[in-house]
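The structure under discussion appears below in the form of structure tokens.
The values are calculated or read from the model by the stated rules, or taken from the named source; none is laboratory data. Because the structure is a prediction, the values reported are computed rather than measured. Backbone-built Cβ (ideal geometry, glycine too); neighbour counts: all protein chains shown.
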Amino acid sequence: MGASMDDFRTDRRAILGLGAAAALAPAAARAQPRPPERPRGQVVVGLSQEPTVFNPLMPGIEVDQGVWWNLFSPLWFTDPEGRLVPDLAREVPTLENGGISADGLTWTVRLRQGVRWHDGTPFTAEDVKWTLDLINTPSFRARSRAGHQLLRDIRVTAPDEITWRMETASAPYLSILSLTFIVPRHAFAGVDPNTAPFNTAPIGTGPFRWGSRQPGDNITLLAAPTYHLGGPFLERVVFKYIPDLTVLYTQFRTGQVDHTSIQGISPPFVREARTLRGRVIHVNQQASVEHIAPNLGGGPLADKAVRQALYMAMNKRALIDAIYYGLPTPTESFLPRQSWAFNDALPAHRHDVAGANALLDQAGWRRGAGGVREKDGVKLEFTNSTTTGNPVREQAQQLLMQDWRAIGATMRVQNMPAAVIWGEFWQQSRFQSVMVGVNFTLGSDPDVTPRFHSSAIAARGGRGQNTYQFANEEVDRLLVLGATQFDQAQRRATMQRVQAILREELAILPLFQRADAEGVKEGLNGYRPNLNCSSNCWNIREWFWTA
Amino acid sequence: MSGFIARRLGQSLLLLVLVSVVGFAILHLAPGGPLSQFASGSDMTQEDLDRIAEQLGLNRPLPVQYAEWFVRMLGGDWGRSFRDGEPVLHVIGAHLPATLQLMVTATLLAILLGVAIGTLGAVRRHSVFDTLATVGAMVALSIPTFWFGLVAIYAFSVWLGWLPSGNRSTPGDGSLPDLLRHLILPAVVLALVETAIWSRYMRSSMLDVVNQDYIRTARAKGVPEGRILLRHAFRNAALPMITVLGLQLPTLLGGALVTETVFTWPGMGRLFLDSISYRDYPVVMGILMFSAVLVLLGSLLADLLHAVADPRIRLG
Amino acid sequence: MSATLAAPAFRRFTQHRLAAFGAATIVVLTLGCFLGPFLLPFDDTTIDVMNRFAGPFSGTHILGTDELGRDMLARLMMGGRVSLIVGFTAMAIGMALGILVGAIAGYHGGWLGAALMRLVDAVLCFPTIFLLLALAALVQPGLLSIIILIAATSWMDVARIVEGQVKSLRERDFAVAAQVLGASDARIIIHELVPNAVAPIVVAATLTVARAILLESYVSFLGYGIQPPVPSWGNMLNNAQIYLTSAPWLAILPGLAITLAVTSFNFLGDGLRDALDPRMRGR
């Protein structure tokens, strides 16, 4: 009981601490409204993609995860300040409390008692063991086994205690578990977990239970009376699929949608949205970093001098101010500035066309026919791709095109639908450059081994997502070291060095840390953005309407 | 007649198999795949993607995959959607009612209006009404439906506040008045373009007829104009419309993608586009076969109607 | 002159005037799009973010500027090149193919007619999006491929309509008479049957021009058409979506251009139909 009220006070402080966003919220300035005694009312959340996956261990995207947060619980989660907060666990295991052994190899987790599944069955350590085992079951289509595949000897030592050994120490595993939702063992008895009835009518320990689904339209969740962490205060949550962003905004405007989540309001609408009566617009920093992804495996972009010159020649400020209406913050790192491992001492971007030209001259790129530079018969020409149907990104591309023409570099746009661009084209590094926003963190963990370690290049037989084909011996060594450091100060030093090298090499051309505008109807309290969760629907259990 | 129908049905079955082979090949050979959506910005690594492709059987040779799909389909098992794990027939069934509701309303509206406007336009050719109807139809055809939808939403729901800006019903309210209120805007917007098409074909067909000898003969004999139109002209002018009607049948159940998107109407058009965008192979194949059956049926029906309406035509 | 005699004369006059108006507008649009850009002080891709969203008739840019400060008139003209070429060429190819298949199938009937019409049925079985996806995977992106893609999805309706018309016309007196007089099949088809089916063909052609212009932006959306910064009326209209209330001219101008082109073509077609239709001849 005390835990829930504590949670709630943090909530209010967080909103006040949000600065700009809170200043726009007149409700936060007035006397703080109190949640109702019993769940009341409903919230319609508008989503531009349709949630379709309800088994939280199977492949799903952000919108699916937004639903999972309300149906299920992890052992612990990451709050907006980056702290791990126990949920199904009684406390987060650390070296200090003995939950993690000194060598980082043996973990013991003690679980909250008295938690019940939505169908009334008590939650026990057997469910946790089942979940972890299921992820590693060969025939099961688990989303990701990253981290989990290190588990050995999972043992239930008491109904509320579980312990395991790890093949190698893994600091990121704490964060991986903060995004791993526990599923009920009894729901899978005697069925194929890939097609279990559970997958379309899930049972969880979250604040809301499964209501109904109208495919292509909406998912309705109902308040779960047995929830263990305080709340929920809403009777019903409706996740409504609205495929077009203009339409989504219009429905928010007319009041048919109470909250626009994930890519909520596109930048050109923000100014107008702020003038709407009865609507509050929050501009939230996201964890993902928008960047130009160069393919370092060949072509002109493999030349570091070219990347440096391109970076100098881009007018980042104009791009952010004009195209993105000044919402996002320019950045030099792949990590969000809120991360504990963020390096704020990286050299700042400087818009310097003359410098860029000089750099290219020095590196031997000479102007040829039509003003396009050449070196050893290679023209300074490349394509840039992003997903079609994103007019804001297309504008940014065209601006960069003009910036780069000024230094004798020709960029051609080659956009493709999502299913095509993120297929082999991206996975196997068939692109020349891509404009993309990537969240490099896992929860609040800064590990980027799958993204930048040389063994993670799929195009060269690797197993990760290093589609940039970045390879650097020092970074490889630091990434391996960082993954085994449980001391945050030591690990911070390691990761800051990684950021410095990546900035120096320009493995990515960072544009900005994304900031998305999301709308909330006035009178709806408790909305608290969290860039450590993949969806700001993570805490709907705390939301309520002012009476 | 029955011999003709039997022959056509036989040909249609053959065509269906052909369509399924070609469709299956196209779908699988088109770039991208069902796992692309997880490849950017998620925690899934290449290892995970490769494993799931293996588990879904996507790495097997195409003919093997097709054969398996075909055999199962004959047994009534159309597979499960890659997106939500539901059986394909269930997915299609869940989207059909919304589409039927919208399309039948809009099509009826469009045929009634289109035939009336077209007939009137032909009879009073080059009158003010005809010119206005022509320009109106051209505007309707030149502006994407998306725009009409948005403008209608701004006019009737943002500014005037008379009608909801989309959806089939208010969450938690499924009453008939609520459903009808939600139906008005999308049905009218969809009917607009359809009306334009019908009115153009009808006008042209009617013009053809009113200039023919027997009509002029009737006129010369002093038969009242109204009777001429209804008895003689209209009946003959409707003949070519049968073909247009046959072409329309599949769209009745295929839905209207754009209208469904603007008005967040959970119908077949939306389902098809989403399934193609996510490369949800089983669902796309399901819809393809479903629509193919309708196309062939529409074609057969149009030919039969033609033969019934015009005795000169021999069914060959 | 009595009113009863004046009316048909007036009708004939207006009808020719509309057709002439249509033809003139298309010529003007075409010339404007292909020559206009050379006369303008602005080009269609120069970005000027300080000067974006300038309204029409408000400054140095006659029709204003777009979301990146580019001259709207220049973009309309350059966009018109793409849209007019795609609209008319795709229509012409689609019509030619459709009429050919429909006429042969309708005239011959029998196994050839059945085979051709089943082919039409088979292609119709694939929804347009699916066909575009399929064809797009096989061809190189570019203007020509857009035209082929759109034409390939636009001939089936015409084929069906022409087949239906020809099938019923070939039993009529004039066709039978021509046959008796020993005219060749091709002659009968070209001189007797197709002209009698010209009315629905003209309607279908008008519909196809409009459809092709709009479909172009969809093909581009699929990633196989033209890419930014090259404008087309279709993609200008699409990109203007988010500025519907803040900068409505971004949508209205290309919308007007498409309407003008399609309407002109329709009037031209109407005149053409009167000229070709044998029943109207000499009247």
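If we keep just the residues of the range A:394-412 that are touching a strand residue (DSSP E or B) at 6+ places or on another chain (Cβ under 6 Å) and either under 23 Å from residue B:30 (Cα atoms) or surrounded by fewer than 20 Cβ atoms within 10 Å (Cβ to Cβ) (or both), which is farthest from the other protein chains (Cβ to nearest Cβ)?
Restricting attention to the range A:394-412, the residues satisfying the condition of being touching a strand residue (DSSP E or B) at 6+ places or on another chain (Cβ under 6 Å) are A:397, A:401, A:404, A:408, A:410-412.
Of the ones still in play, those that are also either under 23 Å from residue B:30 (Cα atoms) or surrounded by fewer than 20 Cβ atoms within 10 Å (Cβ to Cβ) (or both) are A:401, A:410, A:412.
Numbers: A:401: 7, A:410: 13, A:412: 7 Å.
Among those that are touching a strand residue (DSSP E or B) at 6+ places or on another chain (Cβ under 6 Å) and either under 23 Å from residue B:30 (Cα atoms) or surrounded by fewer than 20 Cβ atoms within 10 Å (Cβ to Cβ) (or both), it is A:410.
Given the conditions (1) under 27 Å from residue B:104 (Cβ atoms); (2) buried (at least 19 other Cβ atoms within 10 Å of the Cβ); (3) in contact (Cβ under 8 Å) with a residue 12 or more places away in the chain, and given that residue B:142 satisfies all but one, which numbered condition is not satisfied?
Going through (1) under 27 Å from residue B:104 (Cβ atoms); (2) buried (at least 19 other Cβ atoms within 10 Å of the Cβ); (3) in contact (Cβ under 8 Å) with a residue 12 or more places away in the chain one by one, residue B:142 breaks only (3).
Quick check, is residue A:281 facing another protein chain (nearest Cβ under 7 Å), crowded, with 23+ Cβ neighbours inside 10 Å, at pLDDT 90 or above and touching a helix residue (DSSP H, G or I) at 6+ places or on another chain (Cβ under 9 Å)?
Values: facing another protein chain (nearest Cβ under 7 Å): no; crowded, with 23+ Cβ neighbours inside 10 Å: yes; at pLDDT 90 or above: yes; touching a helix residue (DSSP H, G or I) at 6+ places or on another chain (Cβ under 9 Å): yes.
Spelling it out, it is not the case that residue A:281 is facing another protein chain (nearest Cβ under 7 Å), crowded, with 23+ Cβ neighbours inside 10 Å, at pLDDT 90 or above and touching a helix residue (DSSP H, G or I) at 6+ places or on another chain (Cβ under 9 Å).
If I filter the range A:433-454 down to residues being more than 11 Å from chain B (Cβ to nearest Cβ) and in a helix (DSSP H, G or I), which single residue comes out as nearest to the chain's Cα centre (by Cα)?
Checked the range A:433-454; the qualifying residue nearest to the chain's Cα centre (by Cα) is A:452.
Just name the residue that is nearest to the other protein chains (Cβ to nearest Cβ) out of those in the range A:455-498 that are closer than 24 Å to residue A:385 by Cβ and in contact with a strand residue (DSSP E or B) (Cβ under 8 Å, 6 or more places away or on another chain).
The residue in question is A:467.
Does residue A:311 satisfy the condition of being over 24 Å from residue A:516 (Cβ atoms) and of a type in the set (Ser, Thr, Tyr)?
yes
With the structure loaded, tell me whether residue B:244 is more than 8 Å from every other protein chain (Cβ to nearest Cβ) and either in a helix (DSSP H, G or I) or not basic (Lys, Arg) (or both) or whether it fails that test.
Here the answer is no, as residue B:244 does not meet what is asked.
Can you name the residue in the range C:52-69 that is without any contact (Cβ under 8 Å) to a residue 24 or more places away in the chain and within 11 Å of chain A (Cβ to nearest Cβ) and, of all such residues, is farthest from residue C:229 (Cα to Cα)?
Per the stated criteria, the residue is C:52.
Is it the case that some residue within the range C:251-261 is within 17 Å of the chain's Cα centre (by Cα), buried (at least 22 other Cβ atoms within 10 Å of the Cβ) and within 30 Å of residue B:216 (Cβ to Cβ)?
No, the range C:251-261 contains no residue that is within 17 Å of the chain's Cα centre (by Cα), buried (at least 22 other Cβ atoms within 10 Å of the Cβ) and within 30 Å of residue B:216 (Cβ to Cβ).
Residues in the range A:325-348: is at least one at positive phi, in a loop (DSSP other than H, G, I, E, B) and surrounded by 14 or more Cβ atoms within 10 Å (Cβ to Cβ)? Please lay out each step first, then the result.
First, pick out the residues of the range A:325-348 that are at positive phi: A:325-326.
The next check asks that each one be in a loop (DSSP other than H, G, I, E, B); those that pass are A:325-326.
Next, from what is left, pick out any that are surrounded by 14 or more Cβ atoms within 10 Å (Cβ to Cβ): A:325-326.
Scanning the range A:325-348 turns up at least one residue that is at positive phi, in a loop (DSSP other than H, G, I, E, B) and surrounded by 14 or more Cβ atoms within 10 Å (Cβ to Cβ).
Which pairs do you get when a residue that is in a helix (DSSP H, G or I), found in the range A:184-196, comes within reach of a residue that is surrounded by 12 or more Cβ atoms within 10 Å (Cβ to Cβ), reach meaning Cβ atoms under 6 angstrom, with the pair 6+ apart or on two chains?
What qualifies is A:185/A:126; A:185/A:127; A:185/A:130; A:186/A:121; A:187/A:198; A:187/A:203; A:188/A:196.
Answer with yes or no whether residue B:21 is modelled with pLDDT of 90 or more, within 12 Å of chain A (Cβ to nearest Cβ) and either within 27 Å of residue A:293 (Cβ to Cβ) or assigned to a helix (DSSP H, G or I) (or both).
Criteria not met by residue B:21.
Can you name the number of the only condition in (1) at pLDDT below 80; (2) buried (at least 24 other Cβ atoms within 10 Å of the Cβ) that residue C:155 fails?
(1)
Considering only residues of the range B:151-167 that are in a loop (DSSP other than H, G, I, E, B) and either facing chain A (nearest Cβ under 7 Å) or of a type in the set (Val, Ile, Thr) (or both), which is surrounded by the fewest Cβ atoms within 10 Å (Cβ to Cβ)?
Selected residue: B:167.
One residue is enough: does the range B:52-66 have a residue meeting the conditions surrounded by fewer than 19 Cβ atoms within 10 Å (Cβ to Cβ) and at the interface with another protein chain (Cβ under 8 Å from one of its Cβ atoms)?
Going through the range B:52-66, the residues surrounded by fewer than 19 Cβ atoms within 10 Å (Cβ to Cβ) turn out to be B:53-66.
Imposing the further condition that a residue be at the interface with another protein chain (Cβ under 8 Å from one of its Cβ atoms) reduces the set to B:55-56.
Yes, there is a match, as at least one residue in the range B:52-66 is surrounded by fewer than 19 Cβ atoms within 10 Å (Cβ to Cβ) and at the interface with another protein chain (Cβ under 8 Å from one of its Cβ atoms).
Condition first: more than 8 Å from chain A (Cβ to nearest Cβ) and within 18 Å of residue B:102 (Cα to Cα). Now tell me which residues in the range B:264-282 satisfy that.
B:265, B:268, B:269, B:272, B:273
When residue A:155 is evaluated against the numbered criteria (1) surrounded by fewer than 14 Cβ atoms within 10 Å (Cβ to Cβ); (2) modelled with pLDDT of 95 or more; (3) within 30 Å of residue B:58 (Cβ to Cβ); (4) of a type outside the set (Val, Ile, Thr), which criterion, by number, is the only one it fails?
(3)
Output the residue which, of all residues in the range C:217-239 that are more than 9 Å from every other protein chain (Cβ to nearest Cβ) and in a helix (DSSP H, G or I), is surrounded by the fewest Cβ atoms within 10 Å (Cβ to Cβ).
Selected residue: C:218.
Quick test for you: out of A:199, A:218, A:194, pick the one residue that is under 26 Å from the mean Cα position of the chain (by Cα), farther than 20 Å from residue B:266 by Cβ, surrounded by 20 or more Cβ atoms within 10 Å (Cβ to Cβ) and not aromatic (Phe, Trp, Tyr).
A:199
Please go through the range A:380-390 and pick out each residue that is surrounded by 20 or more Cβ atoms within 10 Å (Cβ to Cβ) and closer than 21 Å to residue A:245 by Cβ.
Within the range A:380-390, A:385, A:386, A:387, A:388 meet the criteria.
May I ask you to verify whether residue C:211 is basic (Lys, Arg), more than 14 Å from chain A (Cβ to nearest Cβ) and farther than 24 Å from residue C:267 by Cβ?
No; evaluated as a whole, the condition is false for this residue.
Please work out which one of (1) touching a Lys or Arg at 6+ places or on another chain (Cβ under 6 Å); (2) buried (at least 19 other Cβ atoms within 10 Å of the Cβ) is the condition residue A:436 fails and give its number.
All conditions are met except number (1).
Among the helices (runs of 4 or more DSSP H) lying completely within the range C:75-181, list those that include at least 1 residues that are β-branched (Val, Ile, Thr) and in contact with a Pro (Cβ under 7 Å, 6 or more places away or on another chain).
C:156-169
Against the conditions (1) surrounded by fewer than 24 Cβ atoms within 10 Å (Cβ to Cβ); (2) of a type in the set (Val, Ile, Thr); (3) within 30 Å of residue B:267 (Cα to Cα), where does residue A:257 fall short? Just the number, please.
Of the numbered conditions (1) surrounded by fewer than 24 Cβ atoms within 10 Å (Cβ to Cβ); (2) of a type in the set (Val, Ile, Thr); (3) within 30 Å of residue B:267 (Cα to Cα), the odd one out for residue A:257 is (1).
Tell me which of these residue A:175 doesn't satisfy, since it passes every other one: (1) outside any loop (DSSP other than H, G, I, E, B); (2) within 8 Å of chain B (Cβ to nearest Cβ); (3) of a type in the set (S, T, N, Q).
Failed condition: (2).
Answer yes or no: is there a residue in the range C:63-84 that is among the aliphatic types (A, V, I, L, M), over 30 Å from residue C:167 (Cβ atoms) and more than 26 Å from the chain's Cα centre (by Cα).
Yes, the range C:63-84 contains at least one residue that is among the aliphatic types (A, V, I, L, M), over 30 Å from residue C:167 (Cβ atoms) and more than 26 Å from the chain's Cα centre (by Cα).
Return the pairs, sorted by first residue and then second, in which the second residue is of a type in the set (Asp, Glu), the first residue lies in the range A:245-274 and is free of Cβ contacts under 8 Å to residues at least 40 places away in the same chain, the beta carbons are less than 6 Å apart, and the residues are 6+ apart or on different chains.
As it stands, the answer is none, since no pair meets every condition given.
Considering only the range B:76-105, state which residues are part of a loop (DSSP other than H, G, I, E, B) and not small (Gly, Ala, Ser).
B:77, B:78, B:82, B:83, B:84, B:86
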